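Q: Okay, handing you the structure first.
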Amino acid sequence: MRKRYLAPLQKHVELLGVVNQTGTSGSAVTSASFNIHSGLSFPQNKRTSPPGLSVLDRGLVVSDPQWKDIVKEEKRHCAPIKRTFQGPVLGYVTPWNSHGYEVAKMFGSRLTSLSPVWLQVRRRGHETFDVTGLHDHDSGWVKAVRKSNKKVRMVPRLLFDGWSYQDYMSVLGSEDEIEELGSELVDVAKTEGFDGFTLELWSQLGGNKRKELVHLVKHICESLKAKRLDCILVIPPAVTSTGQPGMFGREEFEQLAPVVDGFSLMTYDYSSGARPGPSSPLPWVRDCVLQLAPNPQWRQKILLGLNLYGIDFGSQGTEPILGGRYIEILREHRPKLLWDEYSAEHYFSYKRNNAGKNVVYYPSLKPLNWELEFPYGNLDKAWIISMISYESGTCK
C-alpha cells in the first residue's frame with residue numbers, strides 16, 4: 001500500500017505525538033487518513049475520555065504489549081491536544097479511508113502541513129496541461145482544519161497521472177513545455193487557495209531520465225517558491241529491500257535540496273508478497289536516510305514516512321489492514337504480540353478459518369516512539385494520518 005499520501009525526518013507523518021496507546025500513531029501518509037474513531041462520536045466515559053497522563057507515563061510504550069491493553073485503550077487520545085514537537089510535520093489524508101478528514105480536524109494543531117490526496121495533472125497536448133480532481137477540494141473542511149491551526153500549510157498531493165512515455169519525453173525536452181506546466185500549477189494554487197503542492201512523479205519513469213527529472217522538478221519548485229508556495233517531492237527509498245540502490249539517490253537529493261522544501265521519503269512497504277516481514281525495519285530506515293544525507297547539511301528537509309497501517313500475511317494472500325480490522329483480530333484471537341529486536345517492530349500470528357496461519361505486522365507505540373526520537377539529526381515526520389489505528393496520543 002503506497003502512501004498516496006504519508007507522510008518527515010525532523011521531528012511525518014506527521015500528527016506529532018498522536019501515538020495510539022499501544023498500537024500506532026496518528027501517512028504518508030504517503031506519508032496522512034486512517035481507520036481510527038476520532039472520539040467525536042463516542043460518549044465521554046472512562047473508556048473513551050482523554051487520559052490525564054501520556055502513554056509513556058501510563059507504561060504503554062513497551063516491547064511486550066498485551067492485546068487486552070490495546071483493545072482497552074484504543075479509543076483514547078491524550079488531552080489537551082497540543083503540539084510539543086517543534087519540527088515540521090506533514091500529514092496525508094488518503095481516499096481509501098475518509099475518516100482521516102475527521103482526524104485531521106481533531107489533531108490539526110500538531111501538523112505544519114497537510115496533503116489531501118485530491119489532484120492529478122494531465123498533459124492534454126502540446127503545452128497544454130490540466131489539473132483534475134479539483135471537485136474534491138472541500139473548502140469547508142480546510143476552514144475547519146485551519147480553525148484548530150491557522151498556520152497549517154495545505155499542500156495537496158499532485159499525481160502526474162496518465163502520462164505516456166512520449167508525454168514525459170516531450171515535456172522533459174522542451175523548456176516551453178516546462179514553463180507552461182509551472183505556470184499552470186501556480187495558477188491553480190492561487191485560484192484554489194492552496195499553499196503549494198506535494199509532487200508525485202519520480203517513480204513513474206522507473207529510475208530513468210534522472211537528470212531531466214531533476215531539471216523539471218527544479219523549475220516547478222522555483223516557479224512555486226517565486227509565488228511563496230511550497231514544493232514537496234515524494235521520493236522512493238534510497239535503498240531497496242534487497243539492498244540495491246533505489247531510484248532516487250544522493251546525487252539527485254543534493255541537486256534538489258536547495259529548491260525543494262521537503263522530501264517525503266517512502267520508508268515503508270519494505271516487505272511484500274507471501275513472505276511475512278516488517279514494513280519499516282529500523283536499520284533499513286536509517287540506511288535510507290544516510291544514503292541520501294550522510295552529512296547533516298540538508299538532512300532537515302527529509303520527511304521520514306511512517307506507515308500507520310499494518311500488513312496481514314496469509315496463505316490466501318497479503319493485504320493491508322487498518323485499525324478497525326486490527327482491533328477485530330485482537331478481540332477475536334487474543335494473540336501474543338512478539339517483538340522483532342532487529343527490525344524493531346511487533347508482530348503476531350493467528351489462524352484464519354481453515355486457511356492456515358496468518359502473520360500480522362502492525363505499528364506499535366515502541367517503534368513509533370523510537371522513530372520520533374530518530375538519532376540522525378533533526379528529521380521531519382510525514383504521517384499517513386488516514387491510516388491510524390487508534391486515537392490515543394502521547395503528551396510528550
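The values are calculated or read from the model by the stated rules, or taken from the named source; none is laboratory data. Keep in mind it's a predicted model, so treat the numbers as computed, not measured. Cβ coordinates were reconstructed from backbone atoms using ideal geometry, including for glycine residues, and neighbour counts include every protein chain displayed. These accessible areas exclude ligands, DNA and RNA; they are computed on the full protein's heavy atoms, side chains included. Shrake-Rupley method; radii C 1.70, N 1.55, O 1.52, S 1.80 Å.
Q: Could you look through segment 93-127, keep only residues that are among the β-branched types (Val, Ile, Thr) and outside any loop (DSSP other than H, G, I, E, B), and pick out the one that is farthest from residue 322 (Cα to Cα)?
A: 121
Q: Looking only at segment 271-289, count every residue that is hydroxyl-bearing (Ser, Thr, Tyr) and either surrounded by fewer than 23 Cβ atoms within 10 Å (Cβ to Cβ) or farther than 23 Å from residue 308 by Cβ (or both) and tell me the total.
A: Final tally of qualifying residues: 2.
Q: So the check is Cβ under 6 Å with 6+ separation or different chains; which pairs have a first residue in segment 176-200 that's under 20 Å from residue 264 (Cα atoms) and a second one that's of a type in the set (S, T, N, Q) and open to solvent by less than 30 Å² (accessible area, probe 1.4 Å)?
A: Every condition considered, the pairs that remain are 198/115.
Q: If you don't mind, another one. Could you check, for segment 208-227, whether at least one of its residues is part of a loop (DSSP other than H, G, I, E, B) and open to solvent by less than 20 Å² (accessible area, probe 1.4 Å)?
A: Looking through segment 208-227, none of the residues is part of a loop (DSSP other than H, G, I, E, B) and open to solvent by less than 20 Å² (accessible area, probe 1.4 Å).
Conditions (1) modelled with pLDDT of 90 or more; (2) out of contact with any helix residue (DSSP H, G or I) (no Cβ under 8 Å at 6 or more places or on another chain); (3) of a type in the set (Gly, Ala, Ser); (4) closer than 28 Å to residue 366 by Cβ, marked per residue:
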| site | (1), (2), (3), (4) |
| --- | --- |
| 33 | no, no, yes, yes |
| 55 | no, no, no, yes |
| 61 | no, no, no, yes |
| 79 | no, yes, yes, yes |
| 84 | no, yes, no, yes |
| 89 | no, no, no, yes |
| 96 | no, no, no, yes |
| 121 | yes, no, no, no |
| 126 | yes, no, no, no |
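Q: Restricted to segment 244-270, and to residues that are open to solvent by 20 Å² or more (accessible area, probe 1.4 Å) and closer than 27 Å to residue 369 by Cβ, which residue is modelled with the highest pLDDT?
A: 261
Q: A follow-up question, please. In segment 273-286, which residue that is more than 24 Å from residue 369 (Cα to Cα) and not hydrophobic (A, V, I, L, M, F, W, C) is modelled with the highest pLDDT?
A: 275
Q: Look at segment 169-184 and say how many of its residues are among the charged types (D, E, K, R) and open to solvent by less than 20 Å² (accessible area, probe 1.4 Å).
A: So the count comes out to 1.
Q: Taking segment 316-367 as the search range and keeping residues that are of a type in the set (D, E, K, R) and under 25 Å from the mean Cα position of the chain (by Cα), which one is most open to solvent (accessible area, probe 1.4 Å)? Steps first, please.
A: As a first pass, look at segment 316-367 and keep what is of a type in the set (D, E, K, R): 319, 325, 328, 331-332, 334, 336, 340-341, 345, 351-352, 357, 366.
From the residues that got through so far, the ones that are under 25 Å from the mean Cα position of the chain (by Cα) too are 319, 325, 328, 340-341, 345, 366.
Values: 319: 71, 325: 70, 328: 102, 340: 37, 341: 131, 345: 18, 366: 40 Å².
This residue is 341.
Q: Is there any pair linking a residue in segment 256-272 that is over 13 Å from residue 235 (Cα atoms) to one that is open to solvent by 20 Å² or more (accessible area, probe 1.4 Å) and β-branched (Val, Ile, Thr), with Cβ under 7 Å and at least six apart or on different chains, and which?
A: If the second residue must be open to solvent by 20 Å² or more (accessible area, probe 1.4 Å) and β-branched (Val, Ile, Thr), the pairs left are 272/318.
Q: Now a separate question. Does residue 162 meet the test of being crowded, with 21+ Cβ neighbours inside 10 Å and among the small types (Gly, Ala, Ser)?
A: Numbers: crowded, with 21+ Cβ neighbours inside 10 Å: no; among the small types (Gly, Ala, Ser): yes.
No: the conditions fail for residue 162.
Q: Out of segment 191-201, which residues are open to solvent by 20 Å² or more (accessible area, probe 1.4 Å), closer than 14 Å to residue 224 by Cβ and outside any helix (DSSP H, G or I)?
A: Listed by number, the list holds a single entry, 195.
Q: Moving on to the next point. Checking residue 204 against (1) open to solvent by less than 30 Å² (accessible area, probe 1.4 Å); (2) part of a helix (DSSP H, G or I); (3) more than 30 Å from residue 110 (Cβ to Cβ): exactly one of these is not met. Which one?
A: Evaluating residue 204 over (1) open to solvent by less than 30 Å² (accessible area, probe 1.4 Å); (2) part of a helix (DSSP H, G or I); (3) more than 30 Å from residue 110 (Cβ to Cβ) leaves (1) as the failure.
Q: Just to be sure I understand, how many residues within segment 148-159 are open to solvent by less than 10 Å² (accessible area, probe 1.4 Å) and part of a loop (DSSP other than H, G, I, E, B)?
A: Of the residues in that region, 3 qualify.
This table checks each residue for (1) part of a helix (DSSP H, G or I); (2) touching a Gly at 6+ places or on another chain (Cβ under 9 Å); (3) within 26 Å of residue 60 (Cβ to Cβ); (4) not aromatic (Phe, Trp, Tyr).
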site: 90; (1), (2), (3), (4): no, yes, yes, yes
site: 129; (1), (2), (3), (4): no, no, no, no
site: 140; (1), (2), (3), (4): yes, no, no, yes
site: 146; (1), (2), (3), (4): yes, yes, no, yes
site: 176; (1), (2), (3), (4): yes, no, no, yes
site: 186; (1), (2), (3), (4): yes, no, no, yes
site: 189; (1), (2), (3), (4): yes, yes, no, yes
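Q: While we're looking at this one, here's another question. Return the only residue of 342, 350 being modelled with pLDDT of 75 or more and closer than 19 Å to residue 284 by Cβ.
A: On the way: 350 fails: closer than 19 Å to residue 284 by Cβ.
Sole residue among the options that is modelled with pLDDT of 75 or more and closer than 19 Å to residue 284 by Cβ: 342.
Q: Return yes or no: is residue 96 surrounded by fewer than 20 Cβ atoms within 10 Å (Cβ to Cβ), over 30 Å from residue 176 (Cα atoms) and under 15 Å from the mean Cα position of the chain (by Cα)?
A: Against the criterion (surrounded by fewer than 20 Cβ atoms within 10 Å (Cβ to Cβ), over 30 Å from residue 176 (Cα atoms) and under 15 Å from the mean Cα position of the chain (by Cα)), residue 96 qualifies.
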